[in-house]
Structure formats: structure tokens, C-alpha cells
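No lab work stands behind these numbers, since they all come straight from the coordinates. This one's a predicted model, so the numbers in the text were calculated from it and none came from an experiment. Note that we place each Cβ from the backbone using ideal geometry, even for glycine, and neighbour counts take in every protein chain shown.
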Amino acid sequence: SLYRGLLAKSLAQKLKTCEPEEAFVAGLTLEIGFLIYFDLFLKGNDEDVDTGAYPLESLLLQQMEKHGVNHREIGEIALRFWKFPESIVVCQRYHGQDVNQQEISELSKVCRMAGKLSALICYTKTDFPDIFQTLSASFGLDHETIYEVVIAALNEVDEIAQTLQVEIEGEKDMLGLMEKANKALSRLSEQMLQSRYNLPMDEPPSFDTLKSKTEHKE
């Protein structure tokens, strides 16, 4: 949640489409309903419960099927009861892939982007190419902007975490993100080699193979 808040703030500063401080609060409270959902339905249960929030759509669907309500619906009710600004409250509604981007506020768009980017930092299942493709296709966000937004959040997270008395290992998260980036680059390099030299997918490139392929091309 802290990463979502900082990423939303960073996005708002970069895109200049909404107020950064409002974006921080909206991002920070984006999954606030999960705490209430956990207390109502999961606390004290012996069953093995997946409390992960990625992919979000799958988690919300599971909650609906099991309890007839999801934590985003609970979050909207709670934030409205606590008299949060409506601009922040409505950010709870927009999470599905079928949401029409033209119909939602700029703040809601920023929160959706922050949610995708926070998954890149916080969940091992996510990958750079998948997130980049989603953000590019859905929001027109270029790679350079994504890098700058994520770096800004990582640079600020430790200081804000101390202020909020939240335990965060920003350096560890940054190293994990770098490891993901290296893996993505490694796969990209393999794909480029396979494409250039027509290598089978299961054949690792060797110097002899590359040399023969190069000579053949010449």
C-alpha cells in the first residue's frame, strides 16, 4: 500500500494530471478494504487463505464467489463512511480489465497504474515485459516514464516508512527489482539471438553455431 501511494504520487508529479498529495492518499488507501475483509471473513480461520493482491482481478472474483462481497466494495463503503473526498472514494471502483479508460477520472487512472507498478515491486509473479506492455497499451506510458516513476518511489520509500512506522526494506526491494530487470534483459538477448540466427528455442547459442550462421549470412 505504501508503494502504491508513492507510485501514485510519482505518477501524478510526472504526468501532471492530478494533485500528487491526493494521489498519494488515494494510492495508499487503495486496498484498505482488505483489512476489514480479513477481519470479517478470514481472521481466526484455519483454512489456507491466499492473502496476496496480485492479480487483483482474480482475488476480487474469489472473494465475491466465497462471501458475496469483495474488499474493494468494502473499501468504498468504509472511505465514504470516514468522509474521504469522493474523488478518492471512487478510485475503489476501477480495477477490471474491461474498464473504459475514457470514463474514469485522472486520479483513478493514476491509481490503476500505481497498482500495476507496485505489483512489479512487491510480487514475484510479475515481470517487466508484462507490466510494460499493460501500461503502454492501456495508458500510453513509455518505458522511460515507468523507470523514473519507480525509481522515485524506491528512493522515497524508506523515509516515508519511518515516518509512518512501517517496516520496509527499500534496498532489498530495489535489489529484487534489479534481478527481475536482469532476467528480462537476458530473455530479450536470447530472443534477439534466436531471431537473428534462426536458432531453435531449445538450442543454447554457442560460438561455433553463431560463427557458422554468420558465415552463412555473409
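For a quick protection proxy, order the peptides 132-145, 109-122 by their average other-Cβ count within 10 Å, most packed first.
By packing density, highest mean first, the sequence is 109-122, 132-145.
If the limit is 32 Å between Cα atoms, which of 83/109; 83/125; 14/83; 16/83; 9/66; 43/83 go over it?
Distance filter (> 32 Å) returns 83/125; 9/66.
Can you give me the C-alpha center-to-center distance between the stretch 1-80 and the stretch 101-144, rounded to a whole angstrom?
15 Å
Relative to the present Cα-Cα distance, how much length would full extension add between residue 57 and residue 175 at 0.36 nm per residue of separation?
Full-extension gain reported as 39.7 nm.
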